[in-house]
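Beneath this line is the structure, given in structure tokens, with notes to follow.
Where a number appears in this text, it was derived from the coordinates with a stated rule and is not lab data. Since this is a predicted model, take the numbers as computed values, not measurements. FYI the Cβ positions are ideal-geometry reconstructions off the backbone, even for glycines, and counts take in every protein chain you see.
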């Protein structure tokens, strides 16, 4: 009878251990899912930051060329075209700055 009681107690204890291991495994799986989600989000944010950096460099280059044309050209049509390039690129950079602001807000979410 004592042996039967010990076996029953052992089975109850084993059941508790199994339940705890199952809970722990579920917790580990949930933690792994959270980590994977976080890593995927970080990868998306890094890619977006790289794109924004590239997109900001392009208008800067175009404006640098346009400024050089303004400095060196005596042709009024060329100067007007250079000014129009600068105006377009400023508008483009303004839009990119707004995207950058949205990106920064996304980092806080």
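In this simple spin-label model, placing a label point 7 Å from the Cα along the Cα-to-Cβ direction at both residue 51 and residue 84 gives a separation of 3.0 nm. FRET efficiency for the pair residue 92 and residue 34, taken as 1/(1 + (r/R0)^6) with r the Cβ-Cβ distance and R0 = 30 Å, rounds to 0.20. Legend: calculated FRET efficiency, residue 102 to residue 43, from the Cβ-Cβ distance at R0 = 22 Å, rounded to 0.05, equals 0.75.
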